[in-house]
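Okay, so here's the structure we're looking at.
The values are calculated or read from the model by the stated rules, or taken from the named source; none is laboratory data. Remember, predicted model here, so these are calculated numbers, not experimental data. Quick reminder, even Gly has a Cβ in these numbers, built from the backbone with ideal geometry, and neighbours come from all protein chains shown. Just the protein is used for accessible areas: all its heavy atoms, side chains included, with ligands, DNA and RNA removed. Shrake-Rupley method; radii C 1.70, N 1.55, O 1.52, S 1.80 Å.
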Amino acid sequence: MYAPTRKLLQAYPDLCSFHMFKNSGPTKQQMLEASFAYFFYGRGWAQGANMDELKPEKRASAVCRGPDPGYISTSACVVSAALAVLDDKEQLPAQGGVYTTASAFRNTRIFEYLKTL
C-alpha cells in the first residue's frame, strides 16, 4: 500500500524534504562546522540526608559541548566505550544485567579516552 510512496522518498530524499536530507550525507566542511550543547540541571539532597522528610536542597548544573553529534561525536563515544570495555574490564560491573551507560562505565577511564580522541 505504501510501497510507491516509500520508493519515491528513498529515491529522492532531497526533493521530498526541500533539500534538508540527502543520500550522500554531510560534507567534511559541514561536519567541521556543526556542534552541539546539552544542558543538564538537577536538584537533590546532601549525602546522608533524609529524603523522606526534607525537600531537595542541593542544585547542580552542567553543560556538555562537542563537535558534530551525528558523525564525529558518536564515533568518539563508541570508540571510548570499546576502549573502556577492553582496557578497564576490572572496573566494569561484575554482575550481569542491564545497566545504564553511567552505571556501567562510572569507574572506568571513559572520559580520559574521550579527551584523547
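Key figures
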{"item": "Subset of region 32-76 that is polar (S, T, N, Q) and part of a strand (DSSP E or B) - its residue that is surrounded by the most Cβ atoms within 10 Å (Cβ to Cβ)", "result": "35"}
{"item": "Test for residue 29: is it open to solvent by 70 Å² or more (accessible area, probe 1.4 Å), part of a loop (DSSP other than H, G, I, E, B), without any contact (Cβ under 8 Å) to a residue 40 or more places away in the chain and of a type outside the set (Gly, Ala, Ser)", "result": "no"}
{"item": "Residue check, residue 6 open to solvent by 80 Å² or more (accessible area, probe 1.4 Å) and either part of a helix (DSSP H, G or I) or touching a residue at least 60 places away in the same chain (Cβ under 8 Å) (or both)", "result": "yes"}
{"item": "Those residues of region 91-111 which are in a helix (DSSP H, G or I) and either open to solvent by less than 50 Å² (accessible area, probe 1.4 Å) or modelled with pLDDT of 95 or more (or both), in sequence order", "result": "91, 104, 105, 110"}
{"item": "Counted residues, region 42-75 - those being under 17 Å from residue 116 (Cα atoms) and of a type in the set (A, V, I, L, M)", "result": "1"}
